[in-house]
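First the structure, in the form of structure tokens, and then the observations on it.
The values are calculated or read from the model by the stated rules, or taken from the named source; none is laboratory data. Keep in mind it's a predicted model, so treat the numbers as computed, not measured. Here the Cβ positions follow ideal geometry from the backbone for every residue, glycine too, while neighbour counts run over all protein chains shown.
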Amino acid sequence: MDAACLQHLVTEEEKTAFERDGYLIVPKAISADLVAELVPVSDRIDQQERQRMGLTPAARVNHYDFIGKDDAYLQLLDCATTFPKVWGLLNWHIQLYHTHMTYTPPEPASHSIETHGLGLGWHQDSGMLNQDLESTPRPRVSLKIAYFLTDTSHVGRGNFYVLPGSHLLDEFPGEDRKAQVAGGIPVCVPAGSAVFFDRRLWHSGSHNYWQEPRRVLFYGYSYRWLRPRDDMTVAHYLERCDPIQQQLLGVTHSGGRGYTSPTEKDAPLRTWLEDHGVLPGRPA
């Protein structure tokens with residue numbers, strides 16, 4: 001793993017903000033050059049997937065398990081500016097368990113926020129997890145990083161909406177999940193930004209009234225005992241991955257026990273953090 005990670009460890013201020021608000025913005029997480037590389041790759045996949053699924057160019061869509069569709073996406077798996085904050089928030093026993101690419105094409109020119117609204121759909125992530133877990137508030141279990149490939153620095157560009165602090169609320173605090181709720185805010189960020197958010201955070205996409213698609217790449221990280229949320233077709237990457245990348249992509253050297261009682265080989269991130277002074281070493 002790139003030692004440049006050590007320059008981007010999560011700060012106490014970032015931890016406090018994440019624990020309080022349920023989300024965290026990292027400006028300029030990826031370079032303009034990388035954004036420029038990822039946009040045409042993502043546009044190509046979007047077009048191919050729309051064709052396969054019979055969707056029109058105007059449909060708002062999620063493309064799941066995109067990471068295995070092009071080598072370019074592997075660069076963000078352990079991105080030096082963001083990945084240290086993942087282990088800083090979740091600790092070392094982690095994996096990539098979910099990826100989805102969200103495309104929000106522009107609304108027709110005749111539409112506007114005034115005539116057709118925000119197009120909200122408030123929700124928490126993780127499906128049945130929210131029904132099966134009994135504690136209140138429910139445990140975090142996972143988080144996502146949203147990498148913005150489109151400029152959403154102004155309202156009306158398919159902005160990501162969040163309700164700060166709502167990750168501690170099991171029930172939606174409003175009456176209509178399609179309507180704005182008191183305290184809900186748009187996250188206005190330029191291309192290249194990364195937004196971390198707790199899976200429990202009540203959040204939403206929105207209509208895009210700008211001239212280009214709103215493109216966002218979501219990388220979901222969880223503890224390794226959680227089953228992947230999509231197919232995670234990444235086997236073709238494994239031979240060229242280093243041990244920590246293999247850990248993130250679900251490799252086990254101890255069978256099923258490697259996910260619940262990991263050896264050092266199953267979870268080499270822990271050893272790397274100890275060797276670099278991020279974690280205290282284990283007693284002899």
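Brief remarks follow.
- Given (1) at pLDDT 95 or above; (2) farther than 20 Å from R140 by Cα; (3) not in a helix (DSSP H, G or I); (4) not hydroxyl-bearing (S, T, Y), index of the condition W225 fails: (2)
- Residue identified as crowded, with 17+ Cβ neighbours inside 10 Å, assigned to a loop (DSSP other than H, G, I, E, B) and not aromatic (F, W, Y) among S206, S261: S206
- Residue selected from the range 242-255 under the condition more than 18 Å from P84 (Cβ to Cβ) and out of contact with any strand residue (DSSP E or B) (no Cβ under 9 Å at 6 or more places or on another chain), by the criterion surrounded by the fewest Cβ atoms within 10 Å (Cβ to Cβ): G255
- Scope the range 177-191; condition in a loop (DSSP other than H, G, I, E, B) and over 13 Å from W202 (Cα atoms); matching residues: C188, P190, A191
- The residues on offer are W210, W202, W272, and the sole one that is out of contact with any Cys (no Cβ under 6 Å at 6 or more places or on another chain), within 27 Å of R20 (Cα to Cα) and not small (G, A, S) is W202.
- Counting the residues of the range 1-39 that are more than 21 Å from L90 (Cα to Cα) and of a type outside the set (D, E, K, R) gives 8.
- Test: residue in the range 132-141 that is free of Cβ contacts under 8 Å to residues at least 40 places away in the same chain and in a helix (DSSP H, G or I): yes
- Filter pass, L269 being within 17 Å of the chain's Cα centre (by Cα), in contact (Cβ under 8 Å) with a residue 12 or more places away in the chain and surrounded by 18 or more Cβ atoms within 10 Å (Cβ to Cβ): no
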